[in-house]
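Below is one structure, written out as structure tokens, with a few remarks after it.
The values are calculated or read from the model by the stated rules, or taken from the named source; none is laboratory data. Nothing here was measured: the structure is a model prediction, and the numbers come from that model. A quick note on method: Cβ atoms are made from the backbone with ideal geometry, for glycine too, and the neighbour counts reach across all protein chains shown.
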Amino acid sequence: MIPSSLHFFKPLTDIPSLSIEKAHGIYLYTKEGKKIIDAASGAVVVNIGQGREELAEIALEQIRNLNYIFPLWTSKPLEDLVKRLSSWFSQTYRFYFTTGGAESVESALRFTFLYQAMENKPWKNKILSRYTSYHGTTLGALSASGNFLRRKNLEHCLFDWPKIPPPYCYRCPWSKTYPSCGIACAEVLEELLNEETAKSIAGFIAEPIIGASGGAIVPVDEYWPKVAEICKKHELLLIIDEVMTGFGRTGKRFAFEHWKLEPDIIVCAKGLSSGYSPMGMIAVKEELVQKCEQKAKSFMFYTYTSNPLGCTVANKVLEIIESERLIEHSNRIGAFLGESLKKALSDHPLVGDIRGKGLFWGVEIVRNKQTKEPFDPKEGCLGKIITSALELGVFFYPCQGMVDGVSGEALLVCPPFTVTEAEIINIVDVLKESLDRLKQALAMT
Ligand code: PMP
């Protein structure tokens, strides 16, 4: 436990705070010597697993050689990373580097507004997004986020930007069923954009598969192609937030590849450096940058952009993913994880839905399986499951805020790509046991 005498901002949640001393592969070791499987990869970050010697060596060498450059200059680590990244995308993108997800989202929003202004459309000054979404905690990113719990107490300071419902079949906002629904969640975008007020929208930002506030909500196959077409028709830049899903997490290099999208801007962080250095980036379509560049002299300017240590680390992380064929592995082992979760938990009375792709799976918990009634967050049931699981030696990522104004809760199961079948069996057993414990506790109350 973290001592209360330690004066730093501790999150006030019902998730136990642990003091972690070291980590290796998919395992965390607490100060008290407890060994825990990290089935959340931290905050869905550590895709290649912890404690890689080759990263320690390369980081040390980089710090010895060059630890910082003026933001407008270049260096070998930056050049090597850009060259490698170019081969990760099938189109030509221009990259800009930051230190994390929110900073990258801010950069994407900033580019979008700048682009529209350079196109002589300065009235396009709003960003459209979805409820049940999370894009970061800075004020622009939070304004685009539709998770009411994470916006709480700050609403009055945020931009008043429009939002549409998410593609969330398990709780369809129109109470329709696929495929007779006509993909109402995509059609609503067209309806909104036909209104006069929608002329002010510069871009649409969304997670390809909803993570932190949804628990791996995967849209139906028709959703993304339809949304992309509508954005194009109305001249909105399509910003895909791959902060959680990028770099192999969902079994492809990027989740948008599941639907063959060609986003205008792609936002990444987390898996880019696997947590070995704070790192984020945006990839912007080359033709958009060129158009903009002719008129606007300078784009973004963060002190830590293109940080040599971050670039070296990210380059090595991507090299490891390539050489160890970790995306292929995550795809294979992810299918096993999905099947195991469904086999063990589909009939569980507290499990409403199990969904996901690759090594990115969500288990939504409910009070009533028939009515889909969610737990009241005040009951702390999600925290109870996570606490039991930690006692049993596994950490899961908590997701809250799926149902607007009501909450709705899920756990993300997303271990590092190096996880084995035996470890997955253990992870699923622990989740079942933790749910059983809550079921027993609820029966007693
Ligand atoms: N976008 C998405 C999709 C995220 O999941 C997150 C963080 N969970 C962010 C943006 C913000 O990233 P960061 O916490 O690194 O600022």
Exercise. State whether the residues of the range 290-307 include one that is away from the ligand (no atom under 11 Å from the Cβ), of a type in the set (F, W, Y) and not in a loop (DSSP other than H, G, I, E, B).
Key: no
Self-check item: Extreme residue, nearest to the chain's Cα centre (by Cα), among residues of the range 133-187 that are closer than 20 Å to R355 by Cα and within 12 Å of the ligand (Cβ to nearest atom)
Solution: Y134
Quiz item: Somewhere in the range 84-102, is a residue more than 16 Å from the ligand (Cβ to nearest atom), in a helix (DSSP H, G or I) and of a type outside the set (S, T, N, Q)?
Solution: yes
Quiz prompt | Some residue of the range 141-159 being surrounded by fewer than 17 Cβ atoms within 10 Å (Cβ to Cβ), free of Cβ contacts under 8 Å to residues at least 24 places away in the same chain and among the polar types (S, T, N, Q) | solution = yes
Practice problem: Say whether the condition of being crowded, with 16+ Cβ neighbours inside 10 Å and on the phi > 0 side of the Ramachandran plot is met by at least one residue in the range 64-83. | Solution: no
Exercise. Give the range 392-437 a look and list any residue that's aliphatic (A, V, I, L, M) and not in a helix (DSSP H, G or I), or say none.
Key: L392, V394, M402, V403, V406, A410, L411, L412, V413, V419
Exercise. Considering every residue within the range 356-368, establish whether at least one is touching a Gly at 6+ places or on another chain (Cβ under 6 Å), of a type in the set (K, R) and closer than 28 Å to G101 by Cβ.
Key: yes
Quiz prompt | Matching residues, the range 117-127, being more than 16 Å from the ligand (Cβ to nearest atom) and hydrophobic (A, V, I, L, M, F, W, C) | solution = A117, M118, W123
Self-check item: the range 253-272, subset in contact (Cβ under 8 Å) with a residue 40 or more places away in the chain and part of a loop (DSSP other than H, G, I, E, B), residue nearest to N315 (Cα to Cα)
Solution: A269
Practice problem: Can you tell me which residue among L114, L66, L109 is under 30 Å from P165 (Cβ atoms), away from the ligand (no atom under 16 Å from the Cβ) and not assigned by TED's automatic domain parsing to the domain that holds T418? | Solution: L114
Practice problem: Six or more apart or on different chains, Cβ under 9 Å: which pairs go from a residue in the range 227-247 that's in the same structural domain as M281 (by TED's automatic domain parsing) to one that's away from the ligand (no atom under 16 Å from the Cβ) and polar (S, T, N, Q)? Could you list them? | Solution: H234/N194; E235/Q116; L237/Q116
Quiz item: Going by the structure shown, is F89 under 21 Å from the mean Cα position of the chain (by Cα) and surrounded by fewer than 19 Cβ atoms within 10 Å (Cβ to Cβ)?
Solution: yes
Quiz item: Is the range 209-228 home to any residue that is crowded, with 24+ Cβ neighbours inside 10 Å, over 24 Å from V406 (Cα atoms) and more than 16 Å from the ligand (Cβ to nearest atom)?
Solution: yes
Exercise. Name the residue, out of I20, I36, I15, that is in contact with a Leu (Cβ under 6 Å, 6 or more places away or on another chain), farther than 23 Å from N307 by Cα, surrounded by fewer than 20 Cβ atoms within 10 Å (Cβ to Cβ) and hydrophobic (A, V, I, L, M, F, W, C).
Key: I20
Quiz item: Within the group I333, I365, which residue is among the β-branched types (V, I, T) and under 24 Å from H24 (Cα atoms)?
Solution: I333
Practice problem: For the range 296-327, name all the residues that are within 30 Å of F113 (Cβ to Cβ), free of Cβ contacts under 8 Å to residues at least 60 places away in the same chain and of a type in the set (S, T, Y). | Solution: S298
Quiz item: Got a number for residues in the range 243-266 being within 16 Å of the ligand (Cβ to nearest atom) and within 30 Å of H24 (Cβ to Cβ)?
Solution: 10
Exercise. Restrict the check to the range 96-113 and report whether at least one residue is surrounded by fewer than 18 Cβ atoms within 10 Å (Cβ to Cβ) and within 28 Å of L192 (Cα to Cα).
Key: yes
